[in-house]
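Undergrad: Below: one structure in structure tokens.
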Amino acid sequence: MNDSSIERWGWASIGVNILLSLLNLGISIASGSLAVAAEMTHNLVDLAASVTVLAGLKISGRRSKAFPYGLYKVENVVSIGMAGLIFLTGYEIVHEALFAAPRIGTVSLWMLAGVMLSAIIPMAFSYFELKAGSQANSPSLVAEAHEYRTHVFSSGVVFAALLGQFFGLRLDRWAALFVAFFILKTGWELLRDGMRVLLD
């Protein structure tokens, strides 16, 4: 698999994250659920990471007289900046889950179906992306495929929270905290990997 094929997977990943973000945005507005809003933020974080990876692939390959080996460290500088924004986003979700006034949301069957769909889409996409990444020996595609699989777990938690709310159980805050963990984990991985390359 050549670089253009890898880039096509990068564009496909951006499209999937946009679709998931819009789907969760609609459910979040309709339900008022903090957990769904956190999952939408999780999608946006992954969208930003996908854009960063794709931009890094393009920029890092460029060479000039000043940088004959390419600008490969630019991608890592951007990743570190992204990590800072992700930590801030995760903090805001945790703060709201712990200290904001309780939300009284509404849940209907179409919202439950939408959250279930938001788990099925990344699960299916990760299967094909992982296969392509393994064939191309592309660490970025393989890592992204594994990241998509975390959405299956986080969407499952959001589904459980909405289902609980449907039956009168208040699980929304706990589900939001759980999703915030995945957001902060993504930020930590970006920071760790970016710093590792910069310090080499």
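What follows draws every value from the coordinates through simple rules; no lab data is involved. Quick caveat, the model's predicted, so the values are computed rather than measured. Virtual Cβ from ideal backbone geometry, glycine too; neighbours counted across all protein chains shown.
Undergrad: What nm value, rounded to one decimal, do you get for the distance between Lys131 and Leu25 when each label is placed 7 Å out toward the C-beta?
TA: 3.1 nm
Undergrad: Between Trp174 and His95, what's the calculated FRET efficiency when r is the beta-carbon distance and R0 is 25 Å? Round to 0.05. It would help to have the intermediate numbers written out before the result.
TA: Values: r = 15 Å, r/R0 = 0.60.
The calculated FRET efficiency here is 0.95.
Undergrad: May I ask you to order 142-152, 28-38 by the average number of other C-beta atoms within 10 Å around their residues, highest value first? Display every interim value, and only then the final one.
TA: Numbers: 142-152: 18.7, 28-38: 24.1.
So the peptides 142-152, 28-38, ranked by packing, come out 28-38, 142-152.
Undergrad: Highest first, please rank the peptides 155-162, 13-20, 86-93 by the mean number of other Cβ atoms sitting within 10 Å of their residues.
TA: Details: 155-162: 24.2, 13-20: 19.9, 86-93: 18.2.
Final packing ranking: 155-162, 13-20, 86-93.
Undergrad: Another one. Compute the FRET efficiency between Ile80 and Leu109 as 1/(1 + (r/R0)^6), taking r as their Cβ-Cβ distance and R0 = 35 Å, and round to the nearest 0.05.
TA: On the way: r = 43 Å, r/R0 = 1.23.
Computed FRET efficiency for Ile80 and Leu109 comes out at 0.25.
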